[in-house]
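> The following block contains the structure, expressed as structure tokens.
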Amino acid sequence: KVLGRTLAGDPSGIAELYERHAASLFRTAYRMLGARADAEDVVHDLFVGLPEALRRYEDRGRLDQWLTRIIIRLSLMHLRNERRRRSTPLMDMPQLAGTERSDARLELTELEQAVMALPTGLRAVFVLRQVEGYSYEEIAALLDISVGASRVRLARAIERLRRTLL
């Protein structure tokens with residue numbers, strides 16, 4: 001079992017977990033942070049501390065959800081520590097690099113900038129619900145807030161985006 005190997009200090013266990021989960025964790029961190037380098041740093045930090053963190057993992061839920069919860073918390077801590085807002089052009093997103101710019105792309109850039117301008121708590125809920133597809137219950141558990149708070153934050157985020165973009 002990969003968790004057993006990782007806990008035993010076997011580097012192949014961490015490598016296997018990295019192969020399985022790093023891309024998804026990176027996308028989540030990137031959407032939260034808006035900068036490729038910051039997302040890479042957060043993912044790196046997660047995997048460096050993973051053997052120790054796994055000692056606290058209780059095999060009650062899915063491992064991927066537990067890792068997502070950690071990446072979200074690390075991303076939020078990074079945002080709090082940095083106290084900066086950056087917008088990253090879509091050209092820097094790995095899946096869009098090298099494509100031609102179009103009107104739809106310009107609109108996506110504006111949307112991305114508007115999302116990045118949201119306060120951290122609103123942006124986290126917006127990204128988790130609208131981009132990642134989590135339920136309100138899952139968001140509440142990931143962010144340690146109530147289900148009602150996750151609904152309210154999403155409504156506030158959408159309202160701010162409407163005001164900004166219209």
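The values are calculated or read from the model by the stated rules, or taken from the named source; none is laboratory data. Computed from a prediction, not measured in an experiment: that's the story for all the values here. All Cβ positions, glycine included, derive from the backbone under ideal geometry; neighbour counts span all protein chains shown. To get the accessible areas, we keep the full protein, side chains included, count just its heavy atoms, and leave off ligands, DNA and RNA. Shrake-Rupley method; radii C 1.70, N 1.55, O 1.52, S 1.80 Å.
> Rank VAL152, VAL2 by accessible area, highest first, at a 1.4 Å probe radius?
Working: VAL152 70, VAL2 15 Å².
My answer, sorted largest first, is VAL152, VAL2.
> Between GLN130 and ARG163, take the C-beta separation as r, use R0 = 25 Å, and let me know the FRET efficiency to the nearest 0.05. All intermediate terms of the calculation are to be shown ahead of the outcome.
Values: r = 17 Å, r/R0 = 0.67.
E between GLN130 and ARG163, to the nearest 0.05, is 0.90.
> Something else: Leaving out ligands, DNA and RNA but keeping every protein chain, what accessible area does ARG129 have, in Å² rounded to the nearest 10, with a 1.4 Å probe?
80 Å²
> Run the simple label-point estimate for HIS44 and GLU58 please: 7 Å along Cα→C-beta, distance reported in nm.
3.4 nm
> Run the 1.4 Å probe and let me know the accessible area of HIS21, rounded to the nearest 10 Å².
30 Å²
> Ignoring everything but the protein chains, give the 1.4 Å probe accessible area of ASP45 in square angstrom, nearest 10.
90 Å²
> Taking θ as phi - 60°, what are the ³J(HN,Hα) couplings along the stretch 46-51 by the Karplus curve (6.51, -1.76, 1.60), each to the nearest whole Hz, with x for Gly and Pro?
For the stretch 46-51, the Karplus-derived couplings read 4, 6, 5, x, 4, x Hz, x marking Gly and Pro.
> Would you list THR6, THR164 from the most to the least accessible area, probe 1.4 Å? List each step's numbers first, then the result.
On the way: THR6 0, THR164 95 Å².
Ranking THR6, THR164 by accessible area, largest first, yields THR164, THR6.
> Let me ask something else about it. At R0 = 22 Å, how high is the FRET efficiency between ALA23 and ARG69 if r is their beta carbon distance? Nearest 0.05 is fine. Kindly include the intermediate steps, with their values, before the conclusion.
On the way: r = 17 Å, r/R0 = 0.79.
So the FRET efficiency works out to roughly 0.80.
> Whole-Hz Karplus ³J(HN,Hα) for the stretch 146-161, in order, using 6.51 cos²θ - 1.76 cosθ + 1.60 and θ = phi - 60°, x for Gly and Pro?
Coupling constants for the stretch 146-161: 7, 4, x, 5, 5, 5, 5, 5, 5, 4, 5, 4, 5, 5, 5, 5 Hz.
> Ordering GLU110, GLU132 by how much accessible area each has at a 1.4 Å probe, largest first, what is the list? Mind showing how you got there, number by number?
On the way: GLU110 90, GLU132 50 Å².
Largest accessible area first, the residues go GLU110, GLU132.
> Here is a follow-up. What would the Debye equation give as log₁₀ I(q)/I(0) for the stretch 1-54 at q = 0.17 Å⁻¹, counting only Cα atoms as equal point scatterers?
Debye intensities relative to I(0), on a log10 scale: -0.52.
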